[in-house]
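Colleague: I'd like to ask you about the structure that follows.
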């Protein structure tokens, strides 16, 4: 009797635990009714959002140029940071969501991929010092996680749980598959001057795969941009005895437009004119940095740039030792001289604004100057950027920047697999490869 009663109590406790977990999950689902599983800022005062592997030096200016990808169990965590230009201290918290290969939310419960309660306070912050634009800078380390795969970091305001301020994607991989890539100029006749080709092999020795022809999901990303990816790639050959899968399709489905070298400007010194800056105007409330006029580059060759970070940026104020909270925000004015497009929008984009096409990045046409213009508050440093034309649902990089096969680019290859009986996709292979670097 005592044994059966204990078993009954355990069963009741087990059910109660499951119900409590489901209630927590339901509560947080209600907390975040409008979450987007992508890189996004939800408030205009949130700037300079970065997520990167922990560097050797905490304030290394180059830290923001690295992608948020780490190995499972890595001793160096991912570090997140952002600025709040509302100039008032606010209490923030963050949560982490697990996603499948296509960035849809996975069915895994939080206790399956986290080691602790999935709701973390952000306690590290500092106020700006000696800047015209006041801001608070927040920084925090992400916790270790149990499962490899895609994740989304969501930061929200503590006193307003439904108030998201930013979401940021990151990836954790478990190296079960070896990726051997080769990037070269396109083998297509029509594409050889404008495209690059990403060939690669997957070796899965020692890893159980039931159907290597079908089971792997591969994503190729260019320059750390989610609007520049290849998906649904099919193997061109499977070598069963060697446990190797080849991706060298003849239909050029592994080709990508090569784009162009990024434009860039230098505002490390707000008192002087840096590279690509036309003039600096010092006002009591803020500083205006007007860039030299740009023009479309689709008709010329690849633009050689020695400060090209493939679309990324670094924060740096050369007048101080701590650029994190002493680099000021400048009102950077972009000018693109060209005739107006009919029924089209033009944007200025880069890693500095997470490549977001919104009102802040949309340019306005100035008939008097015969140019598109935009003023964007950007933190001091070296910033890469590019222009993009959008007409309806159609985006066209080549229209304003061109595509040139000799452009230096970074490519990442992500390999996903759903093991037998598993309920979510796992990132089992990752490789970063550079093309065109000396």
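The values are calculated or read from the model by the stated rules, or taken from the named source; none is laboratory data. The shown structure was predicted, so the numbers you read here are calculated from the model rather than taken from an experiment. When we count neighbours, we look across all protein chains shown, and the Cβ atoms used for this are built from the backbone with ideal geometry, even at glycine.
Colleague: Which one of 62, 50 is in a strand (DSSP E or B) and in contact with a strand residue (DSSP E or B) (Cβ under 9 Å, 6 or more places away or on another chain)? First the steps, then the outcome.
Modeller: On the way: 62 fails: in a strand (DSSP E or B).
After ruling out the rest, the residue left standing is 50.
Colleague: Out of curiosity, is residue 213 in contact with a strand residue (DSSP E or B) (Cβ under 8 Å, 6 or more places away or on another chain) and at pLDDT 95 or above? Quick ask: steps written out before the conclusion?
Modeller: Working: in contact with a strand residue (DSSP E or B) (Cβ under 8 Å, 6 or more places away or on another chain): yes; at pLDDT 95 or above: no.
Spelling it out, it is not the case that residue 213 is in contact with a strand residue (DSSP E or B) (Cβ under 8 Å, 6 or more places away or on another chain) and at pLDDT 95 or above.
Colleague: Is there a residue being crowded, with 17+ Cβ neighbours inside 10 Å, closer than 26 Å to residue 109 by Cβ and either out of contact with any strand residue (DSSP E or B) (no Cβ under 8 Å at 6 or more places or on another chain) or touching a residue at least 40 places away in the same chain (Cβ under 8 Å) (or both) anywhere in segment 218-225?
Modeller: From segment 218-225, those crowded, with 17+ Cβ neighbours inside 10 Å are 218-225; that's our starting set.
From the residues that got through so far, the ones that are closer than 26 Å to residue 109 by Cβ too are 219.
Then keep just the ones that are either out of contact with any strand residue (DSSP E or B) (no Cβ under 8 Å at 6 or more places or on another chain) or touching a residue at least 40 places away in the same chain (Cβ under 8 Å) (or both); that gives 219.
There is at least one residue in segment 218-225 that is crowded, with 17+ Cβ neighbours inside 10 Å, closer than 26 Å to residue 109 by Cβ and either out of contact with any strand residue (DSSP E or B) (no Cβ under 8 Å at 6 or more places or on another chain) or touching a residue at least 40 places away in the same chain (Cβ under 8 Å) (or both).
Residue-by-condition table, conditions (1) within 21 Å of the chain's Cα centre (by Cα); (2) outside the structural domain of residue 99 (by TED's automatic domain parsing):
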{"site": "165", "(1), (2)": "yes, no"}
{"site": "183", "(1), (2)": "no, yes"}
{"site": "194", "(1), (2)": "no, yes"}
{"site": "216", "(1), (2)": "no, yes"}
{"site": "220", "(1), (2)": "yes, yes"}
{"site": "224", "(1), (2)": "yes, yes"}
{"site": "237", "(1), (2)": "no, yes"}
{"site": "241", "(1), (2)": "no, yes"}
{"site": "249", "(1), (2)": "no, yes"}
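Colleague: Now a separate question. What are the pairs, 6+ residues apart or on separate chains, where a residue within segment 101-121 that is touching a residue at least 12 places away in the same chain (Cβ under 8 Å) and at positive phi has its Cβ under 7 Å from a residue that is assigned to a loop (DSSP other than H, G, I, E, B) and surrounded by fewer than 18 Cβ atoms within 10 Å (Cβ to Cβ)?
Modeller: If the second residue must be assigned to a loop (DSSP other than H, G, I, E, B) and surrounded by fewer than 18 Cβ atoms within 10 Å (Cβ to Cβ), the pairs left are 103/38.
Colleague: Collect the residues in segment 261-277 that are assigned to a loop (DSSP other than H, G, I, E, B), touching a residue at least 12 places away in the same chain (Cβ under 8 Å) and either surrounded by fewer than 19 Cβ atoms within 10 Å (Cβ to Cβ) or touching a strand residue (DSSP E or B) at 6+ places or on another chain (Cβ under 7 Å) (or both), keeping them in residue-number order. Step through it out loud before you land on a result.
Modeller: Initial filter on segment 261-277 (assigned to a loop (DSSP other than H, G, I, E, B)): 261-262, 267-276.
Among the residues that remain, those that are also touching a residue at least 12 places away in the same chain (Cβ under 8 Å) are: 261-262, 267-271, 275-276.
Passing the criteria: 262, 267, 268, 269, 270, 271, 275, 276.
Colleague: Consider residue 330 carefully, then state whether it is out of contact with any helix residue (DSSP H, G or I) (no Cβ under 9 Å at 6 or more places or on another chain) and within 14 Å of residue 382 (Cα to Cα).
Modeller: Numbers: out of contact with any helix residue (DSSP H, G or I) (no Cβ under 9 Å at 6 or more places or on another chain): yes; within 14 Å of residue 382 (Cα to Cα): yes.
In short, yes.
Colleague: Within segment 278-313, track down each residue that is at pLDDT 90 or above, in a loop (DSSP other than H, G, I, E, B) and surrounded by 18 or more Cβ atoms within 10 Å (Cβ to Cβ).
Modeller: 297, 309, 310, 311, 312
Colleague: Just a yes or no: is a residue in segment 413-436 crowded, with 22+ Cβ neighbours inside 10 Å, over 30 Å from residue 71 (Cα atoms), touching a strand residue (DSSP E or B) at 6+ places or on another chain (Cβ under 9 Å) and at pLDDT 95 or above?
Modeller: Within segment 413-436, not a single residue is crowded, with 22+ Cβ neighbours inside 10 Å, over 30 Å from residue 71 (Cα atoms), touching a strand residue (DSSP E or B) at 6+ places or on another chain (Cβ under 9 Å) and at pLDDT 95 or above.
Colleague: Looking at segment 91-131, which of its residues are closer than 30 Å to residue 326 by Cβ and out of contact with any strand residue (DSSP E or B) (no Cβ under 6 Å at 6 or more places or on another chain)? Lay out the reasoning, then the answer.
Modeller: To start, the set of residues in segment 91-131 that are closer than 30 Å to residue 326 by Cβ comprises 91-94, 120-131.
Once the filter is applied, which keeps residues that are closer than 30 Å to residue 326 by Cβ and out of contact with any strand residue (DSSP E or B) (no Cβ under 6 Å at 6 or more places or on another chain), segment 91-131 yields 91, 123, 128, 129, 130, 131.
Colleague: A further question on this structure: Yes or no: segment 395-409 includes at least one residue that is touching a strand residue (DSSP E or B) at 6+ places or on another chain (Cβ under 6 Å), free of Cβ contacts under 8 Å to residues at least 60 places away in the same chain and closer than 30 Å to residue 345 by Cα.
Modeller: Scanning segment 395-409 turns up at least one residue that is touching a strand residue (DSSP E or B) at 6+ places or on another chain (Cβ under 6 Å), free of Cβ contacts under 8 Å to residues at least 60 places away in the same chain and closer than 30 Å to residue 345 by Cα.
Colleague: Taking the options 341, 365, name whichever one is free of Cβ contacts under 8 Å to residues at least 40 places away in the same chain and either farther than 14 Å from residue 264 by Cα or part of a loop (DSSP other than H, G, I, E, B) (or both).
Modeller: Numbers: 341 fails: free of Cβ contacts under 8 Å to residues at least 40 places away in the same chain.
Answer to the selection: 365.
Residue-wise test of (1) crowded, with 22+ Cβ neighbours inside 10 Å; (2) outside the structural domain of residue 139 (by TED's automatic domain parsing); (3) under 22 Å from the mean Cα position of the chain (by Cα).
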position: 315; (1), (2), (3): yes, yes, yes
position: 327; (1), (2), (3): yes, yes, no
position: 333; (1), (2), (3): no, yes, no
position: 339; (1), (2), (3): no, yes, no
position: 352; (1), (2), (3): yes, yes, yes
position: 363; (1), (2), (3): no, yes, no
position: 375; (1), (2), (3): no, yes, no
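Colleague: Ok, one more. Which condition number in (1) modelled with pLDDT under 95; (2) within 30 Å of residue 46 (Cα to Cα) is the one that residue 170 fails?
Modeller: For residue 170, the failing item is (1).
Colleague: Further, regarding this structure: Tally time: how many residues in segment 370-400 are under 30 Å from residue 327 (Cβ atoms), assigned to a loop (DSSP other than H, G, I, E, B) and at pLDDT 95 or above?
Modeller: Summing the residues that are under 30 Å from residue 327 (Cβ atoms), assigned to a loop (DSSP other than H, G, I, E, B) and at pLDDT 95 or above in segment 370-400 gives 1.
Colleague: Checking residue 374 against (1) over 20 Å from residue 275 (Cβ atoms); (2) out of contact with any helix residue (DSSP H, G or I) (no Cβ under 7 Å at 6 or more places or on another chain): exactly one of these is not met. Which one?
Modeller: (1)
Colleague: Let me confirm something: among 71, 80, which residue is more than 18 Å from residue 154 (Cα to Cα), modelled with pLDDT of 95 or more and within 19 Å of the chain's Cα centre (by Cα)? Step through it out loud before you land on a result.
Modeller: Values: 80 fails: more than 18 Å from residue 154 (Cα to Cα).
Criteria check complete, one pass: 71.
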